[in-house]
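Down below is the structure, laid out as structure tokens.
The values are calculated or read from the model by the stated rules, or taken from the named source; none is laboratory data. Since the model is a prediction, treat every value here as computed from it, not as a measurement. For neighbour counting, all protein chains shown are included, and Cβ atoms are generated from backbone atoms with ideal geometry for every residue, glycine included. Side chains included, ligands, DNA and RNA excluded: accessible areas come from the protein's heavy atoms. Shrake-Rupley method; radii C 1.70, N 1.55, O 1.52, S 1.80 Å.
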Amino acid sequence: MYRTVYPFTFHRAADESAALDACTPGARYIAGGTTLVDLMRQTVERPERLVDINDLPYRNIDLSPTRLRVGALVRMSELADHAGVRRQFPVIVEALECSASGQLRNMASIGGNLMQRPRCLYFRDVSAACNRRSPGTGCAAIGGRNRTLAIFGTSDHCVATHPSDLAVALTALDAVVITATRDGERRIAIGDFFRQPGDTPDREHNLTPGQLITAIEVPVRPDSRRSGYLKVRDRASYEFALCAAAVALDVSGGVVHSARIAVGGVGTVPWRLRVVEQRLTGNPATDQTWRAAAALAADGAKPLSENGFKVELVKRTVQRQLVNVAGLA
């Protein structure tokens, strides 16, 4: 089946100011283009203008004793290969290496990864009802094929899962998204960056029109070194998560001093498990603690007709990853 790509203009921005000026209503920024170009081919996205930002200077990876700062145009493979990041943030590296294919990771940017659109089959089928793509048309997924979709953060208007593995790791680590606007720099905590669908599922994040991601910052903490990412999927590679768990633990003297846990593949946004973290903190690092904490991982879940298995899956995935990370030297 052939579809016509709707006409658009192309502008290559020489600097940040030019990029902000060029991103007028109906325009979209493009870096690697690994998601946007596919959506344009499917006529899901119909931008009037593409603003190429690849000439902008957002390509540094700076790791200090207190924080990691990653430019938005750093490619996924570059960040995953960085020796310091591999030592200090294993969960970030593992999340990146679980994403897409090697070829796509060589092209895809860190900023673009956070801006991925849903992988729900109804969102990508322009003949289907989808409130994210066409507000007010309904959500075919609620009564349709929803095995891979969300059990957390859903609404009567949308049940699509957030697709990014990296965003799950960054959510666990309390990352901050750095952005540029015409009024200067703005910082957005990752927990405030993504929006649950509610009754406006077409608004997926808290960026204003034309606001540009320039970098991601992640604090260095004792638990970021003992961390990891576990992804459960239908096939071993190039597949989106049925459930994933990003876990970071600070364990010493046989006691859990801090825990950071987020899950993916089960929420409309990367889903932080605060109640599990609270159950772990201050308790002995034992199998009994892991089991008791993981048993809380599905609290508040609202399964659909075909994805009730995710309730048990999220508990088992979190428990398994707690054991994996706790066992790291």
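Miscellaneous remarks
- Here's how it looks for Tyr29: its modeled amide H is under 5 Å from those of Val51, which are all 5 or more places away or on a different chain.
- Rolling a 1.4 angstrom probe over the protein heavy atoms with all chains in place gives the chain an accessible area of 44 Å² per residue.
- Cα centroid of region 222-281 to Cα centroid of region 80-96, whole Å: 15
- The modelled label-to-label distance for the pair Met107/Arg145, using points 7 Å beyond Cα in the direction of Cβ, is 2.4 nm.
- Computed from the C-beta positions of Asp299 and Thr208 and an R0 of 35 Å, the FRET efficiency is 0.60 to the nearest 0.05.
- Protection-proxy order for peptides 61-72, 161-172, 269-280, each taking the mean of Cβ atoms within 10 Å per residue, highest first: 161-172, 269-280, 61-72
- Cβ-based net charge around His11, under 13 Å, with every Lys or Arg adding one and every Asp or Glu removing one: -2
- Debye-sum result for region 166-274 in log10 I(q)/I(0), which assumes one identical scatterer on each alpha carbon, at q = 0.13, 0.24 Å⁻¹: -0.58, -1.27
- Applying 0.36 nm per residue to the separation of Ser17 and Glu306 and subtracting their alpha-carbon distance, the gain on full extension is 99.3 nm.
- Positive-pole candidate from Gln196, Val159, Asn324, dipole of the chain, charges at beta carbon: Asn324
- Residues whose placed amide H lies under 5 Å from that of Val256, excluding near-sequence neighbours: Gly282, Asn283, Ala285
- Packing, as the average of other Cβ atoms within 10 Å across residues, places the peptides 227-233, 306-312, 120-126 in the order 227-233, 120-126, 306-312, highest first.
- From most to least packed by mean Cβ count within 10 Å, the peptides 103-113, 82-92 give 103-113, 82-92.
- In the chain, helical runs assigned H by DSSP with n ≥ 4 each contribute -39500 (n - 2.57); averaged across all residues and rounded to the nearest 500, the mean residue ellipticity at 222 nm is -7000 deg cm²/dmol.
- Accessible area of the chain belonging to carbon and sulfur atoms, whole % at 1.4 Å probe: 49
- Nearest-0.05 FRET efficiency for Thr137 and Asp81, computed from C-beta distance (R0 41 Å): 0.45
- Radius ratio Rg over Rh of region 243-329, counting only Cα atoms, Kirkwood formula for Rh: 0.98
- DSSP assigns beta bridges within region 1-109; of those with both partners inside it, close to 35 percent run antiparallel.
- Label-point separation, Thr181 to Arg316 (7 Å along Cα→Cβ), nm: 4.6
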